[in-house]
Structure formats: C-alpha cells, structure tokens
Amino acid sequence: MRKDRRNFLKKLGVASLFGIGSAGALDQYFKKTVYAELFKEDGLKENTTRWGMVIDMTKCEEGCTACIDACHFQHNVPEISGKKEEVKWIWKEAYKNAFPSKSHPFTKEETQKDPVLTLCNHCKNPPCVRVCPTKATFKREDGIVMMDFHRCIGCRFCMAGCPYGSRSFNFKDPRPFIKKINPDFPTREKGVVEKCNFCAERLAKGQAPACQSACNNRSIVFGNLGDPNSEIRRVLMTQNTLQRKTELGTDPSVFYIF
Amino acid sequence: MIEKAFVGNRNYWVWIFFLLILITVGFVSYMIQLDIGLSVTGMSRDVTWGVYIAQFTFLVGVAASAVMLVIPYYLHNYKKFGKIVILGEFLAVSAVLMCMLFVFVDMGKPMRVLNVILYPTPNSILFWDMTVLSGYLVLNVLCGWVVLSAEHKGVQPPKWIKPFIYLSIPWAVSIHTVTAFLYAGLPGRHLWLTAILAPRFLASAFAAGPALLVLLSLLLKKLVGFDAGKEAIEKLTTIILYAAIINFFFVAMEFFTAFYSNIPGHEHGLAYLFFGLEGHHNLVPWMWFSLIIGIGSVVIFLIPKLRQNQSLLIVACLSIFLSLWIDKGIGLVLGGFVPSPLESVTEYSPSLIEILITLGIWAIGAFVLTVLYKIAISVKNQNT
C-alpha cells in the first residue's frame with residue numbers, strides 16, 4: 001500500500017515535470033516576446049445578449065437636450081437645482097471631465113468644446129455591484145446593471161465605488177421636484193440611490209431606449225454587443241471608438257465616437 | 001455587578017446627566033434628519049460620505065487598539081497591564097458601539113438595515129465589516145465581563161474564556177483591515193487605492209487608542225484614585241511612540257509614491273489635502289496642524305526627560321490623538337472624494353445637525369464607557 005502510494009507520487013512528479021516543460025514554462029521561455037493580456041478580448045459567446053450603446057459625438061447637437069428630457073420624463077427623475085443634491089441619469093459633461101486621461105492641450109477644438117453625453121456605463125465588471133451589501137444593485141444576464149429601489153439601504157457605497165460619477169442619491173423626497181409624473185414608471189423615496197437602467201422597462205416591451213428614440217440626429221446607436229450582425233457591432237467594427245477609463249478594468253458597454 | 005453603576009457621588013451623576021442631555025439633543029437632531037433626509041447634512045452628490053463615516057473609520061481603530069493591552073498581558077504575561085486590560089476591552093466595547101451607530105445614522109434607509117443580513121452578500125466588504133464588528137463587540141463584552149465577574153467573586157477566570165481572549169487578538173486586526181478594505185478596493189479613488197492603507201490604519205490605531213487609554217488612566221487616577229501603575233503607563237507610551245513613528249513613515253511613503261511617480265490621479269488627493277487643489281483648500285490648515293502636532297508629540301514621546309513630565313505626557317497624548325483623528329477622521333475620508341470621478345472639486349463641511357448627531361453618538365459612547373468603567377473600578381477597588 002505504502003509502496004504504491006510512493007510510486008504514484010513519483011509518477012505524478014515526473015509527469016508534472018514533463019507537463020510543465022511541454023505545455024508552459026519552456027515554451028514561454030523560448031518565445032521571444034510574451035504579451036500580457038491586459039485588456040482581454042471580449043469573451044462573449046455567440047447568441048448571448050449584452051446590451052450596449054455607441055454615442056457619436058460628431059452627430060450630437062450642441063445645446064440639444066432632447067435625450068436628457070426624454071429620459072428624465074420617462075423615469076420620473078426629479079429636477080433639483082444646485083450641484084449638491086441633483087439627480088441625473090444622463091447628462092452632458094465637458095470632454096476633459098468625462099475623459100480625463102485622454103484629454104490633452106491639443107485636443108480637437110469641437111471635442112474640447114462640445115460637452116459629452118454621459119450616463120451609466122453598464123460595465124461588464126461593475127464596481128458598484130461588487131460593493132453593494134444587499135444586492136440592491138445587480139447585473140442582469142443581458143449586461144444591464146440594475147437597481148432595486150426597494151432593497152437599497154442608502155449606504156452610498158456604490159457611489160464611492162462608481163468611477164464615473166453615474167449615480168445619484170435622493171437626499172430628500174424627490175416627488176415634489178418631478179415636473180410631470182409619468183405613471184408608467186415608479187417614483188423614488190428619499191434615501192435611495194438611482195441611475196440609468198438602459199430603459200430595461202422599454203426593452204421588455206421591445207422598444208428602444210428613450211434617449212435613442214428622442215434623438216433626431218441618430219447620434220445614439222443601441223443594440224446587442226453579442227450579436228455580430230447587429231448595427232452596433234457594425235458601427236464598432238467600422239469606426240474608431242473609445243470607452244471611458246478602460247484602465248480600471250470595468251469594461252463599459254457605452255462607446256464614444258469623436 | 002451592574003448595581004455598581006447606580007451608586008456614585010455628585011460628580012458622577014452630573015456627568016451622567018450632562019451626557020444624557022447631549023444624547024437627547026443628538027436624538028432630536030436625528031429625528032429631523034430622519035424626517036427630511038440626508039439633505040440636512042453637508043454631504044453632496046460628489047462627497048457622499050462625511051463626518052459620520054469618518055468617525056466610524058477612526059473609532060474602528062480605537063476599538064482595535066485594545067489588542068495592544070491584550071497581547072502583552074495574555075500572550076507575554078506582562079502582569080503590569082493587569083489593572084488596565086479591562087479598561088482597554090471596555091473602551092473597545094464603547095468604540096464598536098459608536099462605530100455601529102455612525103454607520104446607522106449615515107444610512108438613507110435605516111429601517112432597511114436588516115437587508116444586510118436578509119440578503120447576505122459576501123462580495124461586499126460592508127457585509128464583512130458588519131460581521132467582524134459585531135463579532136468583536138461580542139468578544140470584548142464576553143472577555144471583559146467574564147474576567148471581571150471572576151475578580152468580583154474573588155476566583156480565577158474560568159478556563160473556557162482563554163480561547164475567546166486569544167481569538168480576540170487576530171479579530172482586532174481583522175476589524176481594521178476589513179475597514180481599510182472598504183476603501184482600498186475601489187477603482188478610481190486614488191487616495192484610497194493603496195496597499196498600505198490597512199497597515200496605515202493599524203499603525204494609526206495603535207497610536208491613537210493607547211493615547212486615549214493613557215489619558216483615561218490619568219483622568220481616573222485624578223478623579224477616583226484608580227492608579228494604573230507608572231510602569232503600565234510607560235509601556236503604553238512606548239507602544240504609542242513606535243506606532244506613531246510607523247504611521248508617519250507610512251504617510252511619507254504615500255507622498256513619495258504619489259509625487260515621484262508624478263501620476264496626476266495619485267497626486268490629486270494628497271495635493272488637495274496638503275496644498276489645495278484648483279483654489280479649494282478648506283482642509284489644508286487641518287492637515288498641517290495634524291502633521292505638526294503629530295510630529296511634535298513623537299518628539300515628546302522620544303525624549304525620556306520630556307515624556308516623564310506628566311503635563312507634557314498629557315499634551316503629547318492629546319496631540320497624537322487629535323492629530324490622528326484629523327488625519328483619519330477628516331482627511332482620509334473626505335480627501336478620497338476629491339477630485340470627484342468627473343474631476344471636479346466639491347468641498348464639504350458638516351451641518352449643525354450633523355455635528356449634533358455626531359456629538360450625540362460620542363456622548364452615547366462616553367455614557368457606555370463611564371458605566372462600564374464605574375463597574376470595573378468598583379470591582380477593582382473592593383479587592384484592594
């Protein structure tokens with residue numbers, strides 16, 4: 001019995017030596033260059049759904065707020081003045097603020113001047129979901145990062161975790177600040193966090209997100225990143241696009257064209 | 001033993017009622033916050049955590065520092081700590097209670113607090129923080145109370161308590177490590193995204209906590225004639241000295257990495273705290289004050305002639321405690337939010353209601369501590 005075990009271990013040792021030699025270490029050693037996979041290719045399998053968005057800032061009209069208005073009406077987002085307690089799902093932000101590491105003094109003038117449309121990135125690796133202590137923020141199978149307003153305890157850990165500033169907190173009762181209530185979508189109470197939901201409620205009915213439908217310049221393309229024949233994939237394949245803060249490993253589902 | 005908390009001299013009752021008034025004011029302020037929402041605080045969309053979470057972070061350190069008495073006494077059989085180990089454990093109880101209250105008042109929906117237990121989420125560090133903090137509270141109540149009851153009855157503490165005492169040692173380290181992980185694991189918050197955050201937290205905790213204990217011991221000696229012993233105090237100052245030096249060494253490390261690497265994100269947080277950023281410098285005087293009195297106290301602790309002077313020792317302990325309270329209780333938490341993820345600088349200052357609630361919670365901590373110390377000292381005095 002004891003001998004058997006010893007033999008087995010010996011064989012295992014020898015086998016593993018060869019194993020390492022042929023499959024890994026030696027091979028790697030003789031190759032001249034080894035590239036670290038810093039940014040892995042998207043591991044999406046065929047026929048899976050991952051909703052994504054491309055925002056073409058060359059088509060986005062300066063001063064136009066059609067998409068913002070549509071979204072904020074659709075989702076009963078309160079209009080609270082002042083920076084302290086404002087709630088916003090989609091808004092415009094200066095290029096140097098939205099893309100701090102990509103901005104430089106010689107940036108193209110229009111890019112520098114025209115504010116960028118920003119919203120929740122529905123990251124593939126969302127830090128907000130990672131830190132939420134109650135799963136009130138969670139990622140759906142189709143890639144949408146969603147919130148359960150009834151479970152949120154208002155600890156605001158997700159707001160500290162989000163590297164894009166995409167989340168807002170209801171510091172007070174938001175209802176008096178909703179201009180016109182949309183009865184098709186719930187309002188929130190004080191004390192919970194909220195953010196863009198990629199119009200999950202409209203997608204469920206087969207409709208496009210409110211921001212895309214409201215845009216007259218077709219500067220927003222929305223679709224399934226998992227479908228190689230989708231419009232969004234065609235756009236991504238033919239144009240040069242950027243994601244925000246890729247260096248953080250979050251892998252946003254929102255892409256930009258400048 | 002609890003009956004000992006119900007007898008005391010006039011000063012004892014004046015102090016108790018003073019604390020009860022502060023607690024009431026804090027409670028009423030909290031009712032206002034509960035009614036209106038966190039709008040009544042100085043927190044904003046950009047600075048989403050303020051003085052509550054900052055106090056929580058600092059007090060976790062005070063709680064963890066009990067281990068600096070438990071290790072020498074129980075592991076190294078350093079008998080001189082015999083009289084004050086209980087003070088450390090009861091300080092931990094009071095500090096952990098305050099931590100929990102500070103997290104509670106920071107919540108937007110406190111009535112849903114049980115969701116953390118109903119939907120346990122192991123990937124969230126907050127879940128683990130809740131777990132280790134409650135565990136630490138139970139451990140310290142248990143160890144402190146059982147050992148004290150044995151003393152009350154004039155018998156040896158039961159053998160079964162030993163494993164719990166030993167368990168409380170790594171547990172103390174865990175509460176501050178996990179608390180550091182709340183911050184150190186967030187992408188895009190450069191001030192916090194540093195591997196030495198947990199070690200730094202521990203170093204500052206092991207300086208601030210024992211400093212508070214020295215102050216409390218000297219106060220008890222003056223007020224009720226409870227003498228912790230000269231040697232115990234001296235040993236504590238040695239602990240404070242080394243922990244404080246390590247803490248400032250870590251702070252220097254942060255400066256080197258941020259400014260020598262010249263990576264803007266890494267520089268911004270520290271730059272905002274110590275030099276101001278884009279015309280915003282609310283915290284600059286605080287941070288320099290903290291640094292100067294901190295280093296000053298290290299000098300006093302370092303030179304035997306100075307630290308043996310009791311008035312200077314008190315100044316040094318007050319200074320290091322205040323210094324680290326500013327560093328961790330203000331700078332670290334607020335600095336992490338500047339600049340915001342969208343590169344804007346929003347400054348924060350607490351509102352009056354926020355300050356009253358904070359004072360109320362500190363008063364609850366002081367109340368619990370007073371009652372526990374009253375019991376402990378009555379028991380200790382009966383035997384001498």
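Observations, loosely collected:
- In region B:135-146, of all residues being touching a residue at least 12 places away in the same chain (Cβ under 8 Å) and surrounded by fewer than 19 Cβ atoms within 10 Å (Cβ to Cβ), the one that is nearest to residue B:186 (Cα to Cα) corresponds to B:135.
- Complete set of residues in region B:50-83 that are surrounded by fewer than 23 Cβ atoms within 10 Å (Cβ to Cβ), assigned to a loop (DSSP other than H, G, I, E, B) and touching a residue at least 24 places away in the same chain (Cβ under 8 Å): B:78
- Restricting the first member to region B:200-217 and to residues that are surrounded by fewer than 24 Cβ atoms within 10 Å (Cβ to Cβ), and the second to residues that are not in a helix (DSSP H, G or I), the beta-carbon pairs closer than 6 Å and six or more apart or on different chains are B:217/B:228.
- Test: residue in region B:192-209 that is under 30 Å from residue B:314 (Cα atoms) and over 23 Å from the mean Cα position of the chain (by Cα): no
- Taken over region B:116-134, the residue count meeting the criterion of being crowded, with 16+ Cβ neighbours inside 10 Å, among the β-branched types (Val, Ile, Thr) and within 11 Å of chain A (Cβ to nearest Cβ) is 4.
- Those helices (runs of 4 or more DSSP H) of region A:109-164 in which 1 or more residues are closer than 25 Å to residue B:102 by Cα and within 7 Å of another protein chain (Cβ to nearest Cβ) occupy A:127-131, A:157-161.
- Residues (surrounded by fewer than 23 Cβ atoms within 10 Å (Cβ to Cβ), of a type outside the set (A, V, I, L, M, F, W, C) and closer than 20 Å to residue A:53 by Cβ) located in region A:169-196: A:194
- Matching residues in region A:233-258 - criterion: being touching a strand residue (DSSP E or B) at 6+ places or on another chain (Cβ under 6 Å), surrounded by 20 or more Cβ atoms within 10 Å (Cβ to Cβ) and not in a strand (DSSP E or B): A:253
- Output for region B:84-112, where each listed residue is within 27 Å of residue B:65 (Cβ to Cβ) and without any contact (Cβ under 8 Å) to a residue 12 or more places away in the chain: B:104, B:107
- Residue satisfying condition, being in contact with a helix residue (DSSP H, G or I) (Cβ under 6 Å, 6 or more places away or on another chain) and within 14 Å of another protein chain (Cβ to nearest Cβ), within set B:205, B:184: B:184
- Failed item in (1) in contact with a Phe, Trp or Tyr (Cβ under 6 Å, 6 or more places away or on another chain); (2) without any contact (Cβ under 8 Å) to a residue 60 or more places away in the chain, with residue B:248 passing the rest: (1)
- In a residue-by-residue description of region A:199-206, the property of being away from chain B (no Cβ under 14 Å), modelled with pLDDT of 95 or more and buried (at least 22 other Cβ atoms within 10 Å of the Cβ) applies to at least one position.
- Boolean, residue A:101 is over 30 Å from residue A:227 (Cα atoms), touching a residue at least 40 places away in the same chain (Cβ under 8 Å), within 12 Å of another protein chain (Cβ to nearest Cβ) and within 19 Å of the chain's Cα centre (by Cα): yes
- Evaluating residue B:14 against the criteria (1) away from every other protein chain (no Cβ under 14 Å); (2) touching a residue at least 60 places away in the same chain (Cβ under 8 Å); (3) over 28 Å from residue B:174 (Cβ atoms) leaves one unmet condition, (2).
- Options B:50, B:61, B:42, B:8; residue that is within 22 Å of residue B:137 (Cβ to Cβ) and of a type outside the set (A, V, I, L, M, F, W, C): B:61
- If the condition is being crowded, with 22+ Cβ neighbours inside 10 Å, over 15 Å from residue A:192 (Cα atoms) and facing another protein chain (nearest Cβ under 9 Å), then region B:22-46 contributes only B:41.
- Tally of residues being in contact with a Leu (Cβ under 8 Å, 6 or more places away or on another chain), within 14 Å of chain A (Cβ to nearest Cβ) and surrounded by fewer than 23 Cβ atoms within 10 Å (Cβ to Cβ) across region B:84-115: 3
- When region B:302-330 is limited to residues that are basic (Lys, Arg) and touching a residue at least 60 places away in the same chain (Cβ under 8 Å), the one that is farthest from the other protein chains (Cβ to nearest Cβ) turns out to be B:307.
- Residue B:333 touching a Ser or Thr at 6+ places or on another chain (Cβ under 7 Å), buried (at least 16 other Cβ atoms within 10 Å of the Cβ), within 14 Å of chain A (Cβ to nearest Cβ) and not polar (S, T, N, Q): yes
The values are calculated or read from the model by the stated rules, or taken from the named source; none is laboratory data. Not measured: the values here are computed from a predicted model. Every residue, glycine as well, gets a Cβ built from its backbone with ideal geometry; the counts of neighbours run over all protein chains shown.
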